[in-house]
1. Take the conditions β-branched (Val, Ile, Thr) and either exposed (fewer than 10 other Cβ atoms within 10 Å of the Cβ) or at pLDDT below 65 (or both) and apply them to Val172. Does it pass?
2. State the number of residues belonging to segment 161-188 that are among the hydroxyl-bearing types (Ser, Thr, Tyr) and in a loop (DSSP other than H, G, I, E, B).
3. If you check Lys134 against the conditions, is it modelled with pLDDT of 70 or more and either outside any strand (DSSP E or B) or loosely packed, with under 10 Cβ neighbours inside 10 Å (or both)?
4. Counting only residues that are assigned to a loop (DSSP other than H, G, I, E, B) and out of contact with any strand residue (DSSP E or B) (no Cβ under 8 Å at 6 or more places or on another chain), how many does segment 52-67 have?
5. Under the condition of being hydroxyl-bearing (Ser, Thr, Tyr) and part of a loop (DSSP other than H, G, I, E, B), which residue from segment 137-156 is modelled with the highest pLDDT?
6. For segment 58-87, what are the residues that are within 15 Å of Tyr107 (Cβ to Cβ) and surrounded by fewer than 14 Cβ atoms within 10 Å (Cβ to Cβ)?
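The values are calculated or read from the model by the stated rules, or taken from the named source; none is laboratory data. This is a predicted model, so every value here is computed, not measured. Here the Cβ positions follow ideal geometry from the backbone for every residue, glycine too, while neighbour counts run over all protein chains shown.
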Amino acid sequence: MTTLGEKLREALDKGTLDAWDRHEEQIRKPQKEKQVNTKVRIVNNVMRETFNEVKHTPNMQIGDYIESLMARGFKKSSVTSVLYQLLRVGQIKRAEDGSVSVTQAEYAPLNNKRAKKKPDPRRKIVVVTRGKPKTAQGIAALKADSGLVGGTISTGMPQAFIPSQIVDQLTVLHARELYDYLKKIFGG
């Protein structure tokens with residue numbers, strides 16, 4: 001009977017391991033090529049490309065720029081949005097005839113000036129009403145649990161919360177107000 005060591009030596013002498021390596025290489029090679037071919041195409045910055053398009057081909061209409069950039073693979077909604085953002089911040093300008101041109105030599109990334117500003121302190125608005133106070137409505141009209149069960153003092157155990165007891169006493173309008181209020185609290 002041959003041992004494992006003898007079989008390995010025999011395989012080495014016959015070149016079996018080299019054949020296995022070649023076979024393994026053939027199996028792995030197509031997978032490596034597929035991985036190289038499926039790399040994600042590098043996408044240019046739509047803001048910069050839109051600015052450069054206006055810079056290199058000035059005095060065209062906005063629709064012409066949109067069509068040109070769509071032909072290069074950009075989305076119509078993105079290009080349209082970018083053109084109007086660049087107009088708003090003043091990096092490009094529109095002439096009286098509707099043609100567009102750049103106002104500066106190079107593209108500058110847009111900064112969100114609104115996010116950097118400190119919020120203005122809000123004034124408190126106090127409403128003073130005159131006359132009789134209005135009776136409570138909606139949730140404010142509900143009474144707190146007094147601990148009484150059937151008119152007598154309970155044993156100290158909290159009374160069970162039964163939502164239907166509250167809802168059954170409400171009018172349709174008050175129930176709708178309660179629903180809207182709870183929806184605002186819990187979302188949805």
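1. Considered against the rule, which asks whether it is β-branched (Val, Ile, Thr) and either exposed (fewer than 10 other Cβ atoms within 10 Å of the Cβ) or at pLDDT below 65 (or both), Val172 comes out as yes.
2. Summing the residues that are among the hydroxyl-bearing types (Ser, Thr, Tyr) and in a loop (DSSP other than H, G, I, E, B) in segment 161-188 gives 1.
3. yes
4. The total comes to 1.
5. Here the answer is Thr155.
6. Passing the criteria: only Pro58.
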